[in-house]
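Here, each number is a calculation from the coordinates, and none is a lab measurement. Given the structure is predicted, the values throughout are model-derived calculations rather than measurements. Here the Cβ is made from the backbone with ideal geometry for all residues, glycine too, and neighbour counts use every protein chain on show.
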Amino acid sequence: MDLIDCKSLTIDQLRDKLSGIGVPAYRAEQIRSWLDRGTDDFDSMTDLPLSLRAELKNIFWIPGINIKKRLVSKTDSTVKYLYTLYDGENVESVLMKYRHGWSQCLSTQAGCRMGCAFCATGAGGYARNLLPGEMLAQIEKAQADHGVRVSSVVLMGMGEPLDNFDNVLKFLRLLGEPGGVNIGMRRVTLSTCEIVDKIYRLMEHKLQLTLSVSLHAPNNQIRSRLMPINNKWPVEQLLKACRDYGEATGRRVSFEYAMIDGLNDTDECARELAKRIKGIHCHVNLIPLNQISYSENTLRKSGRERIYRFLSLLKTLGVNATVRRTLGADIDASCGQLRRRYHQSL
């Protein structure tokens, strides 16, 4: 019999499983309380009888994670974690301090198979999807380690969240349950490079999270060069899905746009972008490119003057846009870099 992933069950699902083996419902609250504190060992659940702990180990397992490496920025309060999972895989997470509180960027996969040209995660290859409990454990570990409460999360770390759709949806249900981290949907941002059919699936659930779409180009010629998935779902299909998503959920869509010198940062690109997204309830987030040097064809980040010229043009054309604040630059806080360096050192 395959063991059941205890940490990825909702409290109701846990009660049902325990009821099936004749265990009183109140034990579910006790177990969940331990899980919410990051416990990954049934033997540590000291308010449970020894006989029950032994029985639980024959039915359930807890996918724990451990901190492999921790980097703290000297320029701001950003903390970057390299976590080791139960099977030896590694993922990254970044804890960031904003005026509204602590936010954490979470990974949803060990690696990524999207192959975007500017992404260090994809260059490191894809290993597997993360379980819902492994996503939750990233928050619990960071809170316990740094002594803070995370009040918002961004699914923008390693991996493509919509490529791990079912597990991510289960994680979102766990995230909002009473006890534990207890973070509401309006404090969640989900970033996708554009798996269009999954955007429509997400739309059906009408979750009040923020959908953040990695656009990075105003047309198919540039975007296909940067993001292979554009060959499957071109810009026109992506923007239609974003328009439909916004209308169905009432939520503003955020477009991520990494500024790349001489490629997507021209005045012409700004005008084309503004024309393309006209009528979509959206916000454009201009991102100073994080340069990675594993390729001979390294993309170069746009200069500050060019970025703010692009921003000015968008605003003049009626687009709501900002430049993303850079955090943790001295510790390579963009996801994928730490994992890649660790694997290369083995």
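For the chain, the share of DSSP beta bridges that are antiparallel, to the nearest 5, is 45%.
Taking the chain as a Gaussian network of alpha-carbon nodes connected by springs under 10 Å, the highest mean-square fluctuation of the residues Ser103, Ser51, Ser33 belongs to Ser51. Between 0 and 90 degrees, the angle of helix 304-316 with respect to the longest Cα principal axis of the chain falls at about 80 degrees. Computed from the C-beta positions of Thr298 and Asp197, the FRET efficiency with R₀ = 25 Å rounds to 0.15. By the Stokes-Einstein formula, at 1.002 mPa s and 20 °C, the stretch 106-171 with its Kirkwood radius over alpha-carbon pairs has D equal to 173 µm²/s.
For the stretch 236-274, the residues whose backbone nitrogen is under 12 Å from a point 7 Å from the Cα of His283, taken along Cα to Cβ, are 252-256. Here the stretch 127-251 is treated with +1 on each Lys and Arg Cβ and -1 on each Asp and Glu Cβ, and its dipole about the Cα centre works out to around 180 debye.
Across the chain, the mean sequence separation of Cα contacts (distance under 8 Å, 6 or more residues apart), normalised by length, yields a relative contact order of 15 percent.
Once the Cα atoms are used to define both axes, helix 132-146 deviates from the longest principal axis of the chain by about 90 degrees. Once the Cβ-Cβ distance of Asn220 and Asp166 is raised to the sixth power relative to R0 = 22 Å, the FRET efficiency obtained is 0.15.
Suppose the chain between Tyr86 and Asn66 were pulled fully straight at 0.36 nm per residue; how much longer would it get relative to their current alpha carbon spacing?
Values: separation 20, 0.36 × 20 = 7.20 nm, distance 0.84 nm.
Length gained, Tyr86 through Asn66: 6.4 nm.
Give me the net charge for the shell around Ile65: Cβ to Cβ below 12 angstrom, other residues only, Lys and Arg +1, Asp and Glu -1. The partial results should precede the final answer.
Numbers: positive: Lys7, Lys68, Lys141; negative: Asp40, Asp87, Glu89, Glu92, Glu134, Glu140, Asp145.
So the surrounding residues net to -4.
Other residues lying with their Cβ under 14 Å from the Cβ of Val284 contribute a combined charge of +4, Lys and Arg counting +1, Asp and Glu -1. Seen from all directions on average, the stretch 91-249 presents a Cα convex hull projection of 9.4 nm². Of the residues Gly101, Gly246, Gly122, the one that moves most in a GNM of the chain with alpha-carbon contacts below 10 Å is Gly101. Considering the stretch 4-61, its Cα convex hull presents a mean projected area of 3.4 nm². In the stretch 182-284, taking the dipole from charged Cβ atoms about the Cα centre, the farthest positive-side position among Ile229, Ser214, Val253 is held by Val253. About its Cα centre, the dipole of the chain is roughly 1080 debye, where the only charges are +1 on Lys and Arg Cβ and -1 on Asp and Glu Cβ. This structure gives Rg and Dmax of the Cα atoms in Å, computed directly, and of [x] 21.2, 70; [y] 25.8, 90; [z] 19.9, 61 that value is listed as [x].
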